[in-house]
Each structure stands twice: as structure tokens, then as C-alpha cells.
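Undergrad: Take this structure, written in C-alpha cells, and hold onto it; I'll ask about it next.
The values are calculated or read from the model by the stated rules, or taken from the named source; none is laboratory data. Because the structure is a prediction, the values reported are computed rather than measured. Glycine also receives a Cβ, built like all others from the backbone with ideal geometry; neighbour counts cover every protein chain displayed.
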Amino acid sequence: MPYFSPWWTPEVHADRRPVLAARGRIKTALRRWFEDQGFTEIEPGCLQVSPGNETHLHAFRTEQIRSDLDRAPLYLHTSPEFACKKLLAAGETKIFAFAPAFRNRERGPLHAPEFTMLEWYRTDEPYDVLMQDCADILRIAAEIAGSDTFSYRGRTCDPNASPEVLTVADAFHRHAGIDLMASITPKGVNREALMRMGEAAGVQLRADDGWADIFAKVLTDRIEPHLGSGAATLLTEYPITQAALARPKDADPRVAERFELYACGVELANGFGELTDATVQRWRLEAEMEEKERIYGERYPLDEDFLTALAMMPPASGCALGFDRLVMLATGTEHIDKVLWTPLPQEAKGKP
């Protein structure tokens, strides 16, 4: 196999350093932007009793050895979300964090096992305020990087243009010819209806795919490549089944107050109007873990402390943005490892 010089060799580091310096300048500018709006920067702990409870996210597991030598499982969090919401319950009103996050089974041009999540929350403000936050963050990153165009693998995006706001249902209709809402009722989802429409659109599906699997494959294959071209896209109103931590929209409870930000076909951010009903939240997280066990044969514990705090949490909106991906687009870099100061060595497939 070919041999690649590691990141710590002087010649490789010298080549990477301009991008890493830009990363630092972008972080400094965003930190100042948040502080100017009255946000408080926090430092959420990485070790948690639950890493998060989304079906397809995989955590790194460790254990705590207590003073009596008893052992208790712990996890590196997949995002700082649970910790941040506990701070909202404690009385914080506007917080942000550049937090290390950890996800297993993920490695590639856009995925690193350890990465930086920029996460922020506003209490008593509607979730569409976060959409403007995202537009401002794109603009700031471009200005600091000295770039008027974001690019990734041949796709370009103007970070200074107003993002297009597009509902998930409209995106499915526009790019796949699928009437998504015809497969969703107030009582649940219709797998067979979505399967028929997905097959008619030419998406490769399996006989045992569930509704969520079909949704994800259509989104990945037919929708995402078109998002964030020319201008960024804010994909809004996700089906409630795809938004376990978001509250339903008042106008249509079949969909949630959830959006994702895309630029150059790359998912950058995920924002919610936060669900604060602890009973509903418990049911949703348990359902996510049932599905995880069905697919992967494993499940993670629920954070009972989080569910208790949730009952005290005020109405809020929150967003998580992949900071490394933002730096990639702003600097025209095509692999996440090139914007990380000390990336994990690539997996060896054999001796060179």
C-alpha cells in the first residue's frame, strides 16, 4: 500500500499550517460574535452516563473505577446537548461551546472520530432565529478566511447570499418526485406508500427497509447533492419521526421544528425548537434505542438526570454546527483531517 507522511512531519505540517491558522482566526471571530450578543461560553464535560440516544450514532465506551473499586460504564458524548440543556434548566439563558465530540464507526473525508461541535442555545426565542445565526456564521467564516466562495468537490456556494429555506416535503417533491407527506399521518407513517414512491424514483431499497431507512436513502441519494448550491440551504420541517429531540410544529404536528443547514451539498448544522416535555422525550428516546437494538444489537442507557432537568427547562432553541466542516468549506479543503491540528492516524490496512 502507498505510504503517506504523517501529519507531524515538518514538511506536511508546514503545508497544513495556513489552514490551521485560518481555523484559529475563525474560532476567535465566532467567539467574539457570540459574546457581543450576550452569550456565555461554557465547557461541557465529555464523559457522560449516556452518549446520546439517536439510533445511528455510535459512541466510545469506557468505565469509571470508583474508590471502592466498583466499576460503572461511561461514554464519551456524541454531542454536548444533554449537558447544555441541564445548564438551561439551571438558569443559563444564552450559551455556546466549542466542544470536543466523539463518534465511533465514522471515518472519511467529512467524518473524524473526534471533532469539534459548535453548539449554542437561546431561551425564550423561536427556532427560526437560529437560521439567521447560521447565515451570520457562514458570512463571518468566509470573511475571516478571505473567501467569497465556499467549495467542495466541484460544488460552490456563496456564503454571503441569503440561504434558501426549503421544507423537507418540498425537497422530496422537487428532487425525487415523491409526495412525502402522503406517507405520514397523524397516527404514524406508512412504510409501504413510501417504499412504492422510492422504488418509482429509482432509489435502491431493500425489502426489510423501514420507513426511516427509506427516508434516509432518498435524502442521501436524491436530495442532499442538490442542497447548498449557489446559496446555502436551510432544510426545514423534518417529519416528527426524524426529530427525536425537537418539538412539533403547532401548525402541523406531523413535522417538527427542526432544520439542517447545507452548503455545497455538505450538512453543516442541525437546529431545533427544543422539546421540553420529559414524558414525551423519554418515550422518543426509548423508541430510538429499541430501533438501535433491532439494527445493531446494542443500546445506550438514558440519562435520567437529563430527563429530570428537562422538566425544569424553559422554552428554548438550540443548534449544533460541525466546526471542522465549516473550516473545510471556508478554506476549500477536501478532507477533514487537513483542518484538525492532530488528526487520528488513518486505519492501517496492512503493512506498507
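Undergrad: Condition first: outside any helix (DSSP H, G or I), of a type in the set (A, V, I, L, M, F, W, C) and more than 19 Å from residue 133 (Cα to Cα). Now tell me which residues in the stretch 215-253 satisfy that.
TA: Within the stretch 215-253, 243, 244, 245, 251 meet the criteria.
Undergrad: Anything in the stretch 65-80 that is in contact with a strand residue (DSSP E or B) (Cβ under 7 Å, 6 or more places away or on another chain) and of a type outside the set (Gly, Ala, Ser)? List them, or say none.
TA: Residues satisfying the conditions are 65, 66, 71, 73, 74, 75, 76, 77, 78, 80.
Quick grid of which residues meet (1) more than 30 Å from residue 302 (Cα to Cα); (2) modelled with pLDDT of 95 or more; (3) surrounded by fewer than 23 Cβ atoms within 10 Å (Cβ to Cβ); (4) not aliphatic (A, V, I, L, M):
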position	(1), (2), (3), (4)
239	no, yes, yes, yes
244	no, no, yes, no
258	no, yes, no, yes
278	no, yes, yes, no
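Undergrad: Please determine whether any residue of the stretch 291-308 is in contact (Cβ under 8 Å) with a residue 40 or more places away in the chain and among the small types (Gly, Ala, Ser).
TA: Checked the stretch 291-308: no residue is in contact (Cβ under 8 Å) with a residue 40 or more places away in the chain and among the small types (Gly, Ala, Ser).
Undergrad: Any idea how many residues of the stretch 254-273 are closer than 13 Å to residue 317 by Cα and assigned to a loop (DSSP other than H, G, I, E, B)?
TA: Of the residues in that region, 1 qualify.
Undergrad: Could you go through the stretch 108-123 and let me know if any residue there is among the acidic types (Asp, Glu), assigned by TED's automatic domain parsing to the domain that holds residue 302, over 12 Å from residue 319 (Cβ atoms) and within 14 Å of the chain's Cα centre (by Cα).
TA: Yes.
Undergrad: Suppose we keep only residues that are among the hydrophobic types (A, V, I, L, M, F, W, C) and in contact (Cβ under 8 Å) with a residue 40 or more places away in the chain within the stretch 54-78. Which one would you say is nearest to residue 216 (Cα to Cα)?
TA: 57
Undergrad: Another question about this same structure. Please work out which one of (1) over 18 Å from residue 317 (Cβ atoms); (2) within 16 Å of the chain's Cα centre (by Cα); (3) of a type outside the set (A, V, I, L, M) is the condition residue 236 fails and give its number.
TA: For residue 236, the failing item is (1).
Undergrad: Go through the residues of the stretch 53-64 one by one and say whether even a single one is under 26 Å from residue 127 (Cβ atoms) and either in contact with a strand residue (DSSP E or B) (Cβ under 9 Å, 6 or more places away or on another chain) or hydrophobic (A, V, I, L, M, F, W, C) (or both).
TA: yes
Undergrad: Considering only the stretch 13-41, state which residues are outside any helix (DSSP H, G or I) and crowded, with 16+ Cβ neighbours inside 10 Å.
TA: The one that is outside any helix (DSSP H, G or I) and crowded, with 16+ Cβ neighbours inside 10 Å: 39.
Undergrad: May I pose another question? Would you check which residues across the stretch 102-145 are in contact with a Phe, Trp or Tyr (Cβ under 9 Å, 6 or more places away or on another chain), among the polar types (S, T, N, Q) and surrounded by fewer than 18 Cβ atoms within 10 Å (Cβ to Cβ) and list them?
TA: Within the stretch 102-145, 104 is the sole residue that qualifies.
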